[in-house]
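Just so you know, all these numbers are worked out from the coordinates, no wet-lab data involved. These numbers come from a predicted model, not from an experiment. Every residue, glycine among them, receives a Cβ derived from its backbone with ideal geometry; neighbour counts consider all protein chains shown.
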């Protein structure tokens with residue numbers, strides 16, 4: 001009987017204690033709930049803003065002509081904006097955005113016939129990828145190792161925006177083994193590395209890359225019949241020739 005009464009008192013008392021504590025700390029509880037709401041709203045707002053920046057780049061790319069040979073100034077600015085927005089967003093949001101854009105590339109490539117219209121549509125996707133290029137740096141290795149060509153393209157677009165010279169051999173492999181469009185953009189990233197002030201500090205890997213690309217440009221299995229990549233190779237050789245350290249290595253090779 002005593003135990004039953006004690007249990008009853010405990011059952012009645014605990015809700016009362018909770019109510020008393022909730023009343024005593026009502027200001028702190030209200031702040032906690034409000035902060036949670038703001039955090040959730042902030043994440044949703046950041047995701048919406050990221051998509052808006054991506055869409056702006058896509059619309060600009062739709063109006064452009066010809067093949068891109070690197071990020072535009074607007075794409076670089078937006079990449080910085082998205083990087084800051086990503087700090088207030090779930091990392092899964094940016095990873096999901098990269099996945100979506102990879103799927104968009106694959107859908108465009110698979111649904112349109114080869115030609116200028118398809119190339120332009122794929123360039124629009126690359127522009128969007130560049131816009132999240134800095135935000136995806138933490139998952140860039142995952143993207144580069146993906147079985148999805150679209151995700152590998154997302155890694156390449158990120159490297160066009162913020163190059164990591166450790167990726168130069170990987171980019172050269174992509175130029176050799178990927179389909180022409182992705183191969184072209186891997187070469188664009190290499191060209192960006194050659195034009196960067198940091199290029200002399202990475203002369204050996206850059207010179208090795210240029211030598212491999214030269215060989216590919218001459219081989220029948222390479223891209224000697226692809227005017228876009230041949231033109232880009234000339235730009236790569238020209239940029240390499242302006243960096244003394246790389247030029248010396250090329251001459252020795």
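Taking the number of Cβ atoms within 10 Å of each Cβ as an exposure proxy, the fewest-first ranking of 220, 89, 146 is 220, 146, 89. Structural descriptor for the range 157-253: relative contact order 29 percent, calculated from alpha carbon pairs under 8 angstrom and at least 6 residues apart.
Normalising by residue count, the range 51-162 has a Cα convex hull of 89 Å³ per residue. If R0 equals 30 Å, the separation of the Cβ atoms of residue 100 and residue 231 corresponds to a calculated FRET efficiency of about 0.45. Stretching residue 90 away from residue 218 to a fully extended chain increases their span by 41.4 nm, per 0.36 nm per residue minus the current alpha-carbon distance. Remark: the range 150-250 is approximated by an ellipsoid whose semi-axes, taken from the C-alpha gyration tensor as √(5λ), come to 19, 17, 10 Å, largest first. Entry note, the range 36-159: relative contact order of 33 percent, from Cα contacts under 8 Å with a spacing of 6+ residues.
For the peptides 102-111, 150-159, 166-175, residues were scored by their other Cβ atoms within 10 Å and the scores averaged per peptide; the highest-first order is 150-159, 166-175, 102-111. Under the simplified labelling scheme, the residue 201-residue 242 pair shows an inter-label distance of 2.0 nm, with each label point 7 Å from Cα along Cα→Cβ.
Each of 128, 59 was scored by other Cβ atoms within 10 Å of its Cβ. Arranged with the fewest first, they read 59, 128. Counting neighbouring beta carbons within 10 Å and listing from fewest to most, the residues 176, 75, 53 come out as 176, 53, 75.
Translational diffusion coefficient of the range 99-194 at 4 °C, 1.567 mPa s, Stokes-Einstein with Kirkwood Rh over Cα pairs, in µm²/s as a whole number. For the chosen part, D equals 100 µm²/s.
The packing ranking, built from the mean of other Cβ atoms within 10 Å per residue, places the peptides 233-240, 181-188, 206-213 in the order 181-188, 206-213, 233-240, highest first.
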